[in-house]
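Working notes, structure below.
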Amino acid sequence: MSNHVSEISDASFETDVLKNTGAVLVDFWAPWCGPCRALGPVVEELAGVYGNQVKFAKCNVDDNPVTPQQYGIRSIPTLIFFKNGKVVNQVVGVVAKAKLEEMIKTLA
């Protein structure tokens, strides 16, 4: 993890995401997932640019099965955008950096 992206767990999800009064982007991923590894550096890069406006977090679905199940995540990578604890957007699969940037700007 970089200093721009924090690792969150089932235990910390409520505090880190649901009780956060700002914008949070959560990347649901797993180490064995090729597309997740492809998307990871893009998320890191965006966190470096927008990290002062949006909190970036990663949730390993293998280590934390409860949260992905609560949000009906069936395939990874899945990015869920939260604002004030509510889901405002969601993306499944690898998407272009420009598209993610657009979605982040609507959050910030």
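Before moving on, here are some points about what is shown:
- Footprinting exposure proxy for Arg37, Arg74 (fewest neighbouring C-beta atoms within 10 Å first): Arg74, Arg37
- Nearby lysines by direct alpha-carbon distance to Lys86 (threshold 20 angstrom, same-chain neighbours under 8 apart not counted): Lys19, Lys55, Lys58, Lys105
- Since only Phe56, Pro31, Leu46 are under comparison, the one whose Cα sits farthest along the positive direction of the charge dipole of region 1-63, derived from C-beta charges on Lys, Arg, Asp and Glu, is Leu46.
- Over the chain: helical MRE at 222 nm, DSSP H runs n ≥ 4 each giving -39500 (n - 2.57), nearest 500: -10000 deg cm²/dmol
- With 0.36 nm allotted per residue and the present C-alpha distance subtracted, the Val87-Glu14 stretch has 25.0 nm of extension available.
- With the simple model of a label 7 Å out from the Cα in the direction of the Cβ, Asp62 to Thr106 spans 3.3 nm.
All of the numbers you see were taken from the coordinates with simple rules; none came from a lab. This one's a predicted model, so the numbers in the text were calculated from it and none came from an experiment. Please note: Cβ atoms are built from the backbone with ideal geometry, for glycine as well, and neighbour counts cover all protein chains shown.
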